[in-house]
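The values are calculated or read from the model by the stated rules, or taken from the named source; none is laboratory data. It should be emphasised that the depicted structure is a prediction, and the values quoted were computed from it without experimental measurement. When we count neighbours, we look across all protein chains shown, and the Cβ atoms used for this are built from the backbone with ideal geometry, even at glycine. Heavy atoms of the whole protein, side chains included, go into the accessibility calculation; ligands, DNA and RNA do not. Shrake-Rupley method; radii C 1.70, N 1.55, O 1.52, S 1.80 Å.
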Amino acid sequence: MSWFSSSAPSGPATSQDCNFWPVTALTSGFGHLSETDTAWALTTNNGFQTETQTWYSVLADGTLLLTQVIWSCIGVWMVPAQTQFTFKLHNPKTGETIWRSVNASNFTVDKNDARTCKASEFSITHSGSAKEGESEKYHIKGTLDKESGVILDVTFERLADAPGFKLGEGESGGCSRFGKSASPGMGKDGMVIHRFHPLVKSTGTILIKGRPVDAAGDAMFVHAIQGMMPNKVASRWNFAFFTSGGGQPSSEFTNVRAIQMEFETTDDYGVHGPKSGRVKANLGCIYVSGGPDDKGTAIFTTGQTHPSTAAALYPLLPALSAKQSHPDVSSATHIGAQKEETTGYNAPSRVKFMWDGQRRDGAGRVKAEIEVETGREKGEKGLIEKVDVLAEIPYLVKKALSAVVGVKPYIFQVTDEEGKTRDVDVQGWLFNEASFVSP
């Protein structure tokens with residue numbers, strides 16, 4: 001991972017035909033999370049909805065831990081919502097992967113704190129506050145497989161000096177909208193929301209066939225909502241989670257996190273409406289603590305809109321036009337892409353992630369870069385596996401997606417030990433997902 005200087009901004013444009021309004025084109029900077037921003041919304045009266053809460057952690061030996069709750073509603077009256085609980089434990093040194101995805105029953109959310117939930121197979125108890133200077137914890141317990149004995153008892157704690165964030169302040173922070181207007185409820189086809197806890201520590205124990213695994217590690221959390229069918233939201237996704245390594249400091253910093261989330265629209269949405277070119281919305285952050293000055297956690301946020309052509313500068317709302325386009329760089333680039341036989345998609349041989357953003361307190365900028373090789377077969381160059389999404393999601397959602405011609409979602413999951421240098425060397429682990437939803 002490398003750190004260096006920044007670049008210059010460009011100007012905005014306007015369009016009457018725009019039907020995709022990425023948060024990266026409408027706002028910028030650190031947005032505070034409220035107590036309800038990471039609460040379960042569970043919207044059942046507004047069409048197809050998918051909501052996820054996901055915790056990632058890199059343990060001391062580089063083992064990746066993933067736990068995720070997926071709630072989905074297909075928007076059909078009298079058809080109940082479904083809940084899926086997913087668990088993955090991957091050791092990159094031995095190549096062992098333990099994967100469980102179970103249909104959860106009797107899913108409910110606590111009336112007093114909608115960040116607490118439970119089902120017959122698991123429970124997640126939230127404590128603490130989203131307020132600045134206070135910590136939060138999620139205690140996850142679950143028995144996912146009685147026969148092979150996969151039992152979880154893990155706590156994820158967001159540190160008090162590392163508040164969660166969304167891109168931009170207010171209720172619309174972190175929210176991209178589809179339709180003729182960026183205003184909530186006006187010409188709205190759907191939305192995508194992302195909110196993060198980038199600097200989290202995991203503790204606890206995982207039992208695998210009676211064998212205990214210490215869950216102490218460096219973690220993150222993301223709450224995401226897709227307010228329309230997944231095949232309409234995006235054709236591609238890229239996700240990166242870099243940590244300075246399993247609780248083991250490897251540079252002059254105690255903790256470094258770099259996160260990036262990018263999605264690319266389908267042909268139905270763009271700067272000038274359908275068939276005007278796909279658009280990528282990429283948002284990210286870097287959290288750094290324990291540096292030479294040790295003045296708490298330095299927080300940098302990034303957000304960048306990538307239209308399909310350089311000439312298509314993105315329109316901004318009149319109320320936000322004074323901000324114009326900010327100088328952030330936030331990008332994920334696939335290099336050496338070739339058609340992959342199993343999935344039929346052009347999978348990259350390398351992926352390059354770049355961040356360039358303003359420090360939250362205004363005390364400078366940071367620029368970081370990671371470039372890693374990606375394998376084409378399981379076990380090659382860090383490739384964990386190619387996840388067939390339709391094989392893992394709830395039945396009714398799968399049925400709805402399968403009915404749409406051309407939808408064939410796959411996720412390429414890769415983890416790699418990263419040690420490249422340019423100015424300040426930060427060694428650690430990178431977990432990235434390249435997701436392909438449709439051609």
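Modelled label positions at Leu42 and Asp267, each set 7 Å beyond Cα in the direction of Cβ, lie 4.0 nm from each other. Each part reduced to its alpha carbon centroid, the range 69-106 and the range 14-61 end up 19 Å apart. For the range 95-107, the Karplus equation 6.51 cos²θ - 1.76 cosθ + 1.60, evaluated at θ = phi - 60°, returns couplings of x, 6, 10, 10, 10, 9, 9, 10, 6, 8, 10, 6, 6 Hz by residue, with Gly and Pro reported as x. In this model, which of Lys111/Lys166; Lys131/Lys232; Lys111/Lys232; Lys93/Lys352; Lys188/Lys339 are farther than 26 Å apart at the alpha-carbon? Lys131/Lys232; Lys111/Lys232; Lys188/Lys339, as the Cα separations exceed 26 Å there.
In order along the range 84-94, phi translates into HN-Hα couplings of 10, 10, 10, 9, 9, 9, 10, 9, x, 7, 9 Hz, rounded to whole numbers, per the Karplus curve 6.51 cos²θ - 1.76 cosθ + 1.60 with θ = phi - 60° and x for Gly and Pro. When a/c reaches 1.5 or more, the comparison of a/b and b/c decides; with that in mind, is the range 158-226 rounded, prolate or oblate per its Cα gyration tensor? Oblate, since a/c reaches 1.5 and b/c is not below a/b. If a spin label sat at a point 7 angstrom from the Cα of Asn91 along the line to its beta carbon, the backbone N atoms of the range 55-78 nearer than 17 Å would be those of 58-66.
The base-10 log of I(q)/I(0) for the range 71-118, evaluated at q = 0.14, 0.31 Å⁻¹, reads -0.55, -1.10 [Debye formula, identical scatterers on Cα atoms, solvent excluded]. Take Cys285: with every protein chain present and a 1.4 Å probe, its accessible area is about 0 Å². Pairs of C-alpha atoms in the range 70-163 farther apart than 24 Å represent 37 percent of all such pairs. Shape class for the range 131-177: oblate, because the ratio a/c of the largest to smallest gyration tensor axis (alpha-carbon atoms, square roots of eigenvalues) is 1.5 or more and b/c is at least a/b. The accessible area of Arg359, taken with all protein chains in place and a 1.4 Å probe, comes to roughly 50 Å².
Using a probe radius of 1.4 angstrom, the carbon and sulfur fraction of the accessible surface of the range 42-195 is 49%. Only protein heavy atoms count here; under a 1.4 Å probe, Lys352 has an accessible surface of about 50 Å². Phi-derived couplings, Karplus 6.51 cos²θ - 1.76 cosθ + 1.60 at θ = phi - 60°, listed residue by residue for the range 163-172: x, x, 8, 9, 7, x, 7, x, 5, 8 Hz, with x used for Gly and Pro.
Model label points for Lys137 and Arg100, set 7 angstrom from Cα along the Cα-to-Cβ axis, are 2.3 nm apart. If the chain linking Asp153 and Thr342 were pulled fully straight, counting 0.36 nm for each residue of separation and taking away their Cα-Cα distance, it would gain 64.4 nm.
Compared with the direct C-alpha span, the chain from Ser349 to Asp110 gains 81.6 nm at full extension, assuming 0.36 nm per residue.
Placing a pseudo-label 7 Å from each Cα along the Cα-to-Cβ vector at Thr309 and Ala363 gives an inter-label distance of 4.5 nm.
Solvent exposure of the range 80-154 amounts to 50 Å² per residue of accessible area, where only protein heavy atoms count and the probe is 1.4 Å.
For Ser235, the residues whose amide H sits under 5 Å from its own are Glu264, Thr265, Thr266, ignoring neighbours fewer than 5 places away on the same chain, with H placed 1.01 Å from N.
From most to least packed by mean Cβ count within 10 Å, the peptides 158-170, 338-350, 216-228 give 216-228, 158-170, 338-350. The fraction of all Cα pairs in the range 138-280 landing in successive 10 Å bins from 0 to the largest distance is 10, 29, 27, 22, 11, 1, given as whole percents.
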